[in-house]
1. If each residue of separation counts as 0.36 nm, what is the full-extension length gain between GLU223 and THR67 once their alpha-carbon separation is subtracted?
2. Aspartates and glutamates near LYS225 by alpha-carbon distance under 16 Å, same-chain residues fewer than 8 away left out - which ones?
3. To the nearest 20 debye, what is the magnitude of the charge dipole of region 3-90 about its Cα centre, counting +1 on the Cβ of each Lys and Arg and -1 on the Cβ of each Asp and Glu?
4. Can you give the Rg/Rh ratio of region 114-253, where Rg is from the C-alpha atoms and Rh is the Kirkwood radius?
5. If packing is taken as the average count of other Cβ atoms within 10 Å, what order do 44-54, 268-278, 326-336, 344-354 fall into, highest mean first?
6. Å³ per residue of the Cα convex hull, for region 81-138?
7. Relative contact order for the chain: what is it in percent, counting Cα pairs under 8 Å that are at least 6 residues apart?
8. Dividing the convex hull volume of the alpha carbon atoms of region 47-146 by its residue count, what do you get in Å³ per residue?
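Where a number appears in this text, it was derived from the coordinates with a stated rule and is not lab data. These numbers come from a predicted model, not from an experiment. All Cβ positions, even for glycine, are placed from backbone atoms using ideal geometry, and neighbour counts span all protein chains on display.
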Amino acid sequence: MNLFRHFTQEVSTICANLEALKGQDISRLTVEAPRDTSHGDITTNAAMVLCKGANMKPRDLAEIIKTEIEKLDGVRSAEIAGPGFINCRLDNGFWHRQLAEILKLGTDYGTSDIGAGHKVNVEYVSANPTGPMHVGHGRGAVFGDVLASLLEKAGFDVCREYYINDAGAQVDVLARSLYLRYLQALGDEIGEIPEGLYPGDYLVPVGQALAKRDGEKWKGMAEDKWLLPIRDFAISAMMDLIREDLGALGVKHDVFTSEHKLVSDGKVDEAINFLKENNLIYQGVLEPPKGQKPDDWEMREQTLFKATEFGDDVDRPVQKSDGSWTYFASDMACHMDKYNRGFADMIDVWGADHGGYVKRMQAAVKALSNNKGSLDVKLCQMVNLMDAGEPVKMSKRAGTFVTLRDVIDEVGKDVVRFIMLTRKNDAGLDFDFSKVREQSKDNPVFYVQYAHARSYSVLRMAAEELGEDAVRDDKVLGGDLSLLVDESEIALIRLMAAWPRLVESAAEAHEPHRMAFYMYDLAAEFHQLWNKGKDDASLRFIIKDDVPLTMARLALVRALGSVIASGFGVFGVTPKEEMR
């Protein structure tokens, strides 16, 4: 249960039934957590947003609403603050009921229905199929994959999509690079890889595979004869490599869409024709770029999309001078295809270097959907890969960068997935190998994993001290939770009870990093309670002379493990039962 949504409904009902507020629009009424926790557990703005319609002073109306709120089940007290906020404190019984719900639902706690099965398309990774993925791709892959899981937990129907950019000049460069490795596999001396081609060793086995399949078929043949078949072979091999890297990271996609196939199937023509029919395509001349004019800029007539009618800064070309479509035109077709497949809501995860492309793509989605579709673009900043504060050198396998697979092999997928979410996507991220190996609170993935492992450690110790029979599930889950009265215990329950709201708000904002922050805070609260038990024997989880209290505290620990495991489930991280 999202307790804030619950009390919003309760307060809304109160206000709807008050004579002074009959017929008023109460949609702006909210119940939130106070900024300062010393002010209470929940606060509402009801009196301030409704006072004008009631022709009353905010604090006078607050007095009336407060009287009714105090009658609600679970409310211990209410008081008026500032210009008319109503701050409420909830009683221990309410928190005990929240704990019981966590114990009942286990890792399903936090699962929501706010998405109501609404379809959402999340496109992520979409790296050019020209080589292995680098660690920057890994950040977008994790962000997109976890965002998709988060939306699913919030009740949305999610499609995970990978858009293969296999129709541009970069795949011709890939084919030429592979041709050299093919000749090398046949025994030719190729020397240094020419500038402009891909130098990485990852193409060596691909060249060997091509030579094994085709022998000397392509040797000595003109480029226009071998370019297309070798390009297809190269793209297929690179996509196998990318899928393998994504699999190692635990990232999955439901759909792989080929740009080349969109073009060959006439999807680009379909999109452009749709825009023409709606008078959104014209022949025109663009103004020169602001500032210094590039030497290669020329004023010429182009086929343009009226992007400015949908919020973009300038209109955008959709066709090159040779008659072929621009990348933008292909991307338009991709998003129109998504819309036609039933995805009015789309989310794209891109690298930060594509920031200048956002407005035009959002304009295109609006135009191609008759303003019924929406596109949210999440830009992921670069990852600074270091070891003890020093930059990590490039990978020989890739030739120019550190591969994602190198990082996964070094620290494991769980560490990579969690660390990638410890900063907001549009903020830079430092990934330091020495830090992620530390067993300290400065290493967030260790700190949260340690909290989960500690919860299992408590249960194991209880079985050793009290016997296996004493800590059976039915006894732990059936304990008297009203015995949990210490403020530290209530504080932990209060934080666990915030998980459903966190899931919903993070899903609606498309910000999965909020979960990482929450899980770190939850782990800190649990570790703090553990440490208090070391100093104060009465707060220990296991008290042999007080079995009922021990059972209640074991239930608290069990719930803590469930909430962390629930978060790890969204993150795609395996929760550990012990640290080694």
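1. Full extension from GLU223 to THR67 adds 47.8 nm.
2. Within the straight-line cut-off, LYS225 pairs with ASP172, ASP214, GLU216.
3. 160
4. 1.11
5. In descending order of packing, they fall as 326-336, 44-54, 344-354, 268-278.
6. 269
7. Reported as a whole number, the value is 16 percent.
8. 232
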